[in-house]
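First the structure, in the form of structure tokens, and then the observations on it.
Readers should treat all values here as calculations from the given coordinates under stated rules, not as data from a laboratory. Being a predicted model, the structure only gives us computed values, none of them experimental. Methodologically, a virtual Cβ is constructed for each residue, glycine included, from the backbone with ideal geometry; neighbour enumeration extends over all protein chains shown.
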Amino acid sequence: MEQHTDFEVIIVGGSYAGLSAAMSLGRSLRNVLIIDSGLPCNRQTPHSHNFLTQDGEKPSAIAAKGKAQVLAYETVTFHHGIAISGKEIENGFEVTTEKGAKFAAKKLIFATGIKDIMPDIKGFAACWGISVIHCPYCHGYEVRGLKTGLLANGERAFHLSGMINNLTDDLTLLTNGKPDFDTGQLTTLENNGISIEDRAIDEIIHENGYVKSALFKDGTTRDFEAIYAAIPFEQHSDIPATIGCELTEFGYLKVDDFYKTTVPGVYACGDNTAMMRSVANAVFAGNMTGAMVNKELTDERFLP
């Protein structure tokens, strides 16, 4: 049944950034709706790290506890669903879900994250977030000293190599094709004991998501215990773009220091805006975004 309810703020995305923004707004007595599908991008990741007081906790446990705490604020409402469209209306915005529910608000916050584009390598997706990992800060300590691969090439691979080399002496670059490094970079990699494997990968052989080896298209294998991977992404939601929000050259939503997008009244926070992809960073960004939205609503109401 179609419904239409007015709120002060709609938050699209109810993981760490969205929940954090909702808590900030709920504590300011703002009438807030969170729309979320319950499918965060890190749902396969067994443990979250580098987050003070939550180090080693399951991401799902952090989210569940956060959701319970946020919904204790009586002005915050949660709608389980997928937002599929949005548009500007008089005095605000309207968001529609996949089941036809319509909600309106004065302000929008997109905490929708990003969607990883998996390479065409068998077994990769099953290991993603478990032993095929994206970030040395989030996972590096747990795989320190292990036989490690880095699936990347060019400048991105060179940048990550330095950080990962600090965590293990057994690092191999998996360029999955012709290496793209200049002479100086090749010398640096060689001097730091980092080898390059350029054969195309056919499959990540694993056991319950934990890497055992890489199978190359020539039929040979090479053992690994962990593999970092720098893979492309796209915005998880296309609603911001359809209402005019600009992207950066790297594909993130463009926001200013106050988490405002290029569309007045629309804010964004979390992985959809930042290269630093972590639960702790998302919580911080959401907290600040909620405060900035509350300030804007206050300024609009508290007139001389």
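Loop sites only, by DSSP: take the GluC sites (Glu not before Pro) in the chain that have at most 14 other C-beta atoms within 10 Å and name the longest stretch containing none of them.
Details: sites that count: 2, 74, 90, 98, 246, 249.
Between exposed loop sites, the widest span is 99-245.
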What is the gain in length, in nm to one decimal, between residue 196 and residue 156 on full extension, counting 0.36 nm per residue of separation less the C-alpha to C-alpha distance? 13.0 nm
Which of rounded, prolate, oblate describes the stretch 124-229, given a ≥ b ≥ c as roots of the alpha-carbon gyration tensor eigenvalues and a/c under 1.5 marking rounded, otherwise prolate only if a/b is larger than b/c? oblate
Straight-line reach check, residue 58, cutoff 29 Å on alpha carbons, 8 or more apart in-chain or any other chain, hits among lysines -> 67, 115, 122, 147, 212
In vacuo Debye sum over C-alpha of the chain, base-10 log of normalised intensity I(q)/I(0) at q = 0.10, 0.12 Å⁻¹, listed in q order, is -0.61, -0.82
What FRET efficiency do you get for residue 144 and residue 299 if R0 is 41 Å and r is their Cβ-Cβ distance, rounded to the nearest 0.05? 0.25
If I model a spin label at residue 55 and residue 231 as a point 7 Å from the Cα along the Cα→Cβ vector, what separation in nanometres do I get? 2.9 nm
Angle between the chain longest axis and helix 59-71 axis [Cα atoms, degrees, rounded to 10]: 10 degrees
Have a look at 267, 16, 73 and tell me which one the Gaussian network model of the chain (Cα, springs below 10 Å) gives the largest fluctuation. 73
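Where both partners of a DSSP beta bridge lie in the chain, what percent of those bridges are antiparallel, to the nearest 5? Before the final figure, lay out the partial values.
Values: 24 of 59 bridges.
Of those bridges, close to 40 percent are antiparallel.
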Qualifying trypsin sites (Lys or Arg not before Pro) for the stretch 193-251 [loop in DSSP, other Cβ within 10 Å: at most 12]: 217
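Want the number for residue 258 to residue 180: 0.36 nm per residue separation, take away the alpha-carbon distance, what's left?
Going from the current span to full extension adds 24.3 nm.
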Those Cys residues of the chain for which no other cysteine Cβ falls under 4.7 Å: 41, 127, 245, 269
Find the all-direction average of the projected area of the Cα convex hull for the stretch 195-297, expressing the result in square nanometres with one decimal place. 9.6 nm²
Please name whichever of 111, 32, 179 sits farthest to the positive end of the charge dipole of the chain, dipole taken about the Cα centre and charges placed at Cβ: Lys and Arg +1, Asp and Glu -1. 32
